Amino acid sequence: MARVQLRNLEKIYGGAFKAVHGINLDIRDGEFMVLVGPSGCAKSTTLRMIAGLEQVTSGEIIIGDRLVNDLTPSQRSIAMVFQNYALYPHMKVRGNLAFGLRIAGVPKAERDAAVDQVAKILEIEPLLDRLPKQLSGGQAQRVALGRALIKKPGVFLFDEPLSNLDAKLRASMRVRITDLHRQLKAEGRSSTVVYVTHDQTEAMTMGDRICVMQGGRIMQVATPKELYNKPANIFVAGFIGSPEMNLIEGSLTDGSFVVGTQKLPLAPEILRHLPVLSGAAVLGVRPQHLELGQQGFTARLISAEFMGHEVNLHAELEGQRVVCVVGADEFERLGNREVVRLQPEMKSLHIFDKADGRNMLRSAAAMAA
Ligand SMILES: Nc1ncnc2c1ncn2[C@@H]1O[C@H](COP(=O)(O)OP(=O)(O)O)[C@@H](O)[C@H]1O
Ligand SMILES: [Mg+2]
């Protein structure tokens, strides 16, 4: 059992700076959990406390059924992969992979068998007799992964392991790691993963569930789909999804959302779910959910980013910047028009409380459910 539980976990650095504000998180056995958030939100601090590399100020960490607060890293049944994988430069790949087992006193024959098995899984057999300096970034990262894998830990901890790789390699390593996780699970090897990244694409493509953090607090824990469709607040809404969700400031009045001089009448099913029908609010609509049409907001086009299949249109709406994704052919038809109408898809709208950022539609729907 390699379930990981964090209970009221706090970290205060130097007796003064509170980096982690009492977080609670339950990571299931075999789950791939991603901790995501902007730089400085305490992802690494949290992960390092789980690893035992950082002292816990208060709260509990439970791995399996053991309280591990006072255990050393080697007693916790974890293996960690960092951004700077730092292989031993004077040792061949084989030696790097076997190092942990050698220190633990595992006999040579057993070590060799383990190295062969891990090398096969990661497809690095042809590299076993090379030195780290003879490896590409992706190959070195696979060796670093192998060093963690060979320990057969209950829990894998990853801290931005792909950040040093170029975009193409990052994309292929993403798939490799999730495939590996699936494979280990299918073989019945406990393989809980806690994976830290600042990259929402990595989080969305890799996580079974995602824990979105900001300022040492958890903003939302949910599946990628739920985060995308039902963000709990403005922060999650803006952080998850690409291009970013449009967050348009305005107010609710008489069944409409009002921005400057413009009024967007809201569908009855939205009005029915809103806890309040007037006051300052923020309208959230993803660029993919804004359509060019004869109705909706009037906006002035500023620029277009050609993405191939699609075009990201940047426009100005009552002094606020909005982005709309349209098909390349639709873009062609626009010709040199400067003013367009942007109609939000009603079923994909979000309305946030201006004061506390909470998603008013999600909380209403959650209460109804
Ligand atoms: N050893 C330390 N001493 C004091 N403050 C630290 C230390 N390590 C991290 N911090 C602070 O704690 C916060 C969280 O840092 P970190 O966990 O590294 O964030 P992240 O990994 O999300 O970028 C930051 O404000 C950082 O400056
Ligand atoms: Mg970090």
Number of the exception - Val81 against (1) of a type in the set (Val, Ile, Thr); (2) modelled with pLDDT of 95 or more; (3) within 16 Å of ligand 1 (Cβ to nearest atom); (4) surrounded by 19 or more Cβ atoms within 10 Å (Cβ to Cβ): (2)
Test set (1) of a type outside the set (Phe, Trp, Tyr); (2) in contact (Cβ under 8 Å) with a residue 12 or more places away in the chain; (3) under 26 Å from Ile63 (Cβ atoms) - Leu169 fails condition number: (3)
Residue match in the range 25-38 (condition: without any contact (Cβ under 8 Å) to a residue 24 or more places away in the chain and more than 16 Å from ligand 1 (Cβ to nearest atom)): yes
Qualifying residues in the range 11-47 (those that are within 20 Å of Val193 (Cα to Cα) and of a type in the set (S, T, N, Q)) - the one nearest to ligand 2 (Cβ to nearest atom): Ser44
Filtered residue count, the range 117-146, keeping only those that are open to solvent by 50 Å² or more (accessible area, probe 1.4 Å) and touching a helix residue (DSSP H, G or I) at 6+ places or on another chain (Cβ under 6 Å): 2
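Table: residues versus (1) at pLDDT below 95; (2) of a type outside the set (A, V, I, L, M, F, W, C); (3) touching a helix residue (DSSP H, G or I) at 6+ places or on another chain (Cβ under 8 Å); (4) crowded, with 17+ Cβ neighbours inside 10 Å.
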position: Arg7; (1), (2), (3), (4): no, yes, no, no
position: Gly15; (1), (2), (3), (4): yes, yes, no, no
position: Asp26; (1), (2), (3), (4): no, yes, no, no
position: Glu31; (1), (2), (3), (4): no, yes, no, yes
position: Gly40; (1), (2), (3), (4): no, yes, no, no
Out of Leu264, Leu252, Leu247, sole residue that is over 30 Å from Gly137 (Cα atoms), touching a Phe, Trp or Tyr at 6+ places or on another chain (Cβ under 8 Å) and surrounded by 20 or more Cβ atoms within 10 Å (Cβ to Cβ): Leu264
Residue within the range 111-134 that is in a helix (DSSP H, G or I), touching a Phe, Trp or Tyr at 6+ places or on another chain (Cβ under 9 Å) and more than 20 Å from Ile177 (Cα to Cα) present: yes
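For (1) in the same structural domain as Ala79 (by TED's automatic domain parsing); (2) of a type in the set (S, T, N, Q); (3) under 30 Å from His21 (Cβ atoms); (4) touching a Cys at 6+ places or on another chain (Cβ under 7 Å), each residue gets a yes or a no:
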{"position": "Leu169", "(1), (2), (3), (4)": "yes, no, no, no"}
{"position": "Lys185", "(1), (2), (3), (4)": "yes, no, no, no"}
{"position": "Cys211", "(1), (2), (3), (4)": "yes, no, yes, no"}
{"position": "Lys225", "(1), (2), (3), (4)": "yes, no, yes, no"}
{"position": "Val258", "(1), (2), (3), (4)": "no, no, no, no"}
{"position": "Leu271", "(1), (2), (3), (4)": "no, no, no, no"}
Subset of the range 342-369 [exposed (fewer than 12 other Cβ atoms within 10 Å of the Cβ) and either modelled with pLDDT of 80 or more or closer than 15 Å to Ala222 by Cβ (or both)]: Lys347, Ala355, Asp356, Ala366, Ala369
Residue within the range 36-57 that is closer than 25 Å to Phe239 by Cβ, assigned to a strand (DSSP E or B) and in the same structural domain as Asp159 (by TED's automatic domain parsing) present: yes
Condition met for Val276 (of a type in the set (Val, Ile, Thr), modelled with pLDDT under 95 and not in a helix (DSSP H, G or I)): yes
Residue list for the range 324-338, filter: farther than 20 Å from Leu247 by Cα and not in a loop (DSSP other than H, G, I, E, B): Gly327, Ala328, Asp329, Glu330, Phe331, Glu332, Arg333, Leu334
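The values are calculated or read from the model by the stated rules, or taken from the named source; none is laboratory data. Fair warning: this is a prediction, and the values are worked out from it, not measured in the lab. Every residue, glycine as well, gets a Cβ built from its backbone with ideal geometry; the counts of neighbours run over all protein chains shown. Areas reflect the complete protein model, heavy atoms only, side chains present, ligands, DNA and RNA absent. Shrake-Rupley method; radii C 1.70, N 1.55, O 1.52, S 1.80 Å.
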